[in-house]
Amino acid sequence: MSADDVLHEFIPYAERILITGCNGLLGQKLHQLLSPTNEIAGIDLASQTHLSGPSFQYRSLDITRRNELIDAVVETQPSFIINTAAITEVDRCEEEKDLCWRVNVLAVENLIRAAAKVKAYLIQISSDYVFDGLNPPYRETDLTRPLGFYGKSKLASENSLRGSNLLYTIVRTQVLYGVAPAVRPNFVSFVLDRLSEVGDLSIVDDQRGTPTLADDLARGIARIMQLRKQGIYHISGREAISRYEFARKIASQFGEDPERIKPIKTSDLNQKSPRPPDSSFCLDKIQKELMFRPCDIDGGLKEYQRQRTQLQTTWGGKRR
């Protein structure tokens with residue numbers, strides 16, 4: 001049986017699925033993957049969406065508004081809720097702690113209440129920033145110790161789920177990149193945008209991780225849903241690399257000179273929030289329990305390039 005055949009077997013079928021943050025990168029990938037065989041409802045802040053489908057329903061909604069969210073979930077009656085909505089800009093979280101807490105923690109508590117009303121299975125997206133980055137590679141059972149407020153908010157949302165009576169899964173990921181219309185910049189698109197300008201680009205060489213193609217993350221979530229796996233899962237790419245070396249690989253893949261990438265230290269940036277120096281994941285659990293092996297960095301960048309070219313042809317202009 002081929003890898004594609006195995007993957008096909010693990011795509012959910014005939015489920016009603018609610019995706020929060022559906023206009024974001026991961027939300028769009030989940031819609032693309034799951035909508036052919038399932039009924040999808042999407043929630044996001046924007047007044048409208050370009051997503052579509054024969055059974056797709058969209059609602060503009062702020063998930064921090066508890067009563068409105070509960071009403072929407074009760075009306076939708078989903079069997080699964082996938083929460084991709086979050087504030088992920090770590091420096092912003094350090095500056096706007098109240099907003100960070102409302103979106104990353106209180107909104108999850110709202111979703112827990114709403115899911116309990118309809119007995120839905122809740123999948124929460126979390127982060128490598130729940131770790132301090134001193135003892136990689138991290139397994140799902142390793143001790144958490146977030147350094148900044150973003151990581152603390154994601155850990156608090158995890159703890160809220162652990163204290164609930166729901167069926168739930170926490171999916172931790174990191175350095176997410178991918179191609180979709182009108183999404184926020186990610187590390188790969190940032191590097192490519194900067195390389196399109198004159199001059200060199202400085203990237204830190206003392207932060208390491210396992211970059212994650214968004215398509216892989218969506219496929220891993222689909223397998224979790226089909227197998228009804230509960231608990232915590234780490235889903236990322238399978239290779240650890242520094243941001244500096246990753247940027248050089250991006251340059252090479254897109255025909256740019258990697259020598260334009262210059263190494264600097266994290267301390268040179270004076271960032272408001274601390275970063276874990278190496279939060280690389282151990283992927284033994286997903287390989288064993290989900291029979292899932294994400295792509296390597298070269299494969300991920302080739303797929304990114306293919307999708308980027310396709311998107312530019314379909315949408316026109318400079319799209320990420």
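Structural remarks
- Complete set of residues in the stretch 99-138 that are part of a helix (DSSP H, G or I) and small (Gly, Ala, Ser): 107, 114, 115, 116
- Breaking point among (1) farther than 25 Å from residue 218 by Cα; (2) surrounded by 24 or more Cβ atoms within 10 Å (Cβ to Cβ), for residue 131: (1)
- Filter pass, residue 272 being in contact with a strand residue (DSSP E or B) (Cβ under 9 Å, 6 or more places away or on another chain) and surrounded by fewer than 17 Cβ atoms within 10 Å (Cβ to Cβ): no
- Within this structure, residue 141 fails the test of being on the phi < 0 side of the Ramachandran plot, among the hydroxyl-bearing types (Ser, Thr, Tyr) and assigned to a strand (DSSP E or B).
Here is a yes/no grid of residues against (1) surrounded by 20 or more Cβ atoms within 10 Å (Cβ to Cβ); (2) touching a residue at least 40 places away in the same chain (Cβ under 8 Å); (3) closer than 22 Å to residue 219 by Cβ; (4) of a type in the set (Ser, Thr, Tyr):
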site: 139; (1), (2), (3), (4): no, yes, yes, no
site: 142; (1), (2), (3), (4): no, no, no, no
site: 156; (1), (2), (3), (4): no, yes, no, no
site: 163; (1), (2), (3), (4): no, no, no, no
site: 167; (1), (2), (3), (4): no, yes, yes, no
site: 175; (1), (2), (3), (4): yes, yes, yes, no
site: 182; (1), (2), (3), (4): no, yes, no, no
site: 191; (1), (2), (3), (4): yes, yes, no, no
site: 198; (1), (2), (3), (4): no, no, no, no
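- Unmet requirement for residue 79, which otherwise passes all of (1) farther than 28 Å from residue 186 by Cβ; (2) touching a His at 6+ places or on another chain (Cβ under 7 Å): (2)
- Output for the stretch 37-52, where each listed residue is touching a residue at least 24 places away in the same chain (Cβ under 8 Å) and part of a loop (DSSP other than H, G, I, E, B): 37, 38, 49, 50, 51
- Unique residue being closer than 22 Å to residue 144 by Cα, surrounded by 14 or more Cβ atoms within 10 Å (Cβ to Cβ) and either among the small types (Gly, Ala, Ser) or modelled with pLDDT under 95 (or both) when the list is 300, 237: 237
- Filtered by the rule that a residue be basic (Lys, Arg) and either over 23 Å from residue 185 (Cβ atoms) or surrounded by fewer than 17 Cβ atoms within 10 Å (Cβ to Cβ) (or both), the stretch 20-66 gives 59, 65, 66.
- The single residue among 205, 215, 200 that is of a type in the set (D, E, K, R) and in contact with a Phe, Trp or Tyr (Cβ under 7 Å, 6 or more places away or on another chain) turns out to be 205.
- Residue that is polar (S, T, N, Q) and over 20 Å from residue 116 (Cα atoms), where the choices are 64, 88: 88
- Subset of the stretch 142-164 [more than 15 Å from residue 106 (Cα to Cα) and hydroxyl-bearing (Ser, Thr, Tyr)]: 144
- When residue 15 is tested against (1) more than 27 Å from residue 304 (Cα to Cα); (2) modelled with pLDDT of 95 or more; (3) crowded, with 16+ Cβ neighbours inside 10 Å, only condition (2) is not met.
- Selection count, the stretch 108-128, where residues are surrounded by 18 or more Cβ atoms within 10 Å (Cβ to Cβ), free of Cβ contacts under 8 Å to residues at least 60 places away in the same chain and not hydroxyl-bearing (Ser, Thr, Tyr): 7
- Under the condition of being under 22 Å from residue 90 (Cβ atoms), surrounded by fewer than 19 Cβ atoms within 10 Å (Cβ to Cβ) and in contact with a strand residue (DSSP E or B) (Cβ under 8 Å, 6 or more places away or on another chain), the residues counted in the stretch 245-267 number 4.
- Criterion applied to 240, 214 was being hydrophobic (A, V, I, L, M, F, W, C), out of contact with any Pro (no Cβ under 6 Å at 6 or more places or on another chain) and farther than 30 Å from residue 51 by Cα, and the one residue passing it is 240.
- Residue, modelled with the lowest pLDDT, within the stretch 31-50, restricted to residues that are more than 17 Å from residue 64 (Cβ to Cβ) and β-branched (Val, Ile, Thr): 37
- Of the set (1) out of contact with any helix residue (DSSP H, G or I) (no Cβ under 9 Å at 6 or more places or on another chain); (2) modelled with pLDDT under 95; (3) closer than 26 Å to residue 222 by Cβ, all apply to residue 283 but (2).
The values are calculated or read from the model by the stated rules, or taken from the named source; none is laboratory data. Source: prediction; values computed, not measured. A quick note on method: Cβ atoms are made from the backbone with ideal geometry, for glycine too, and the neighbour counts reach across all protein chains shown.
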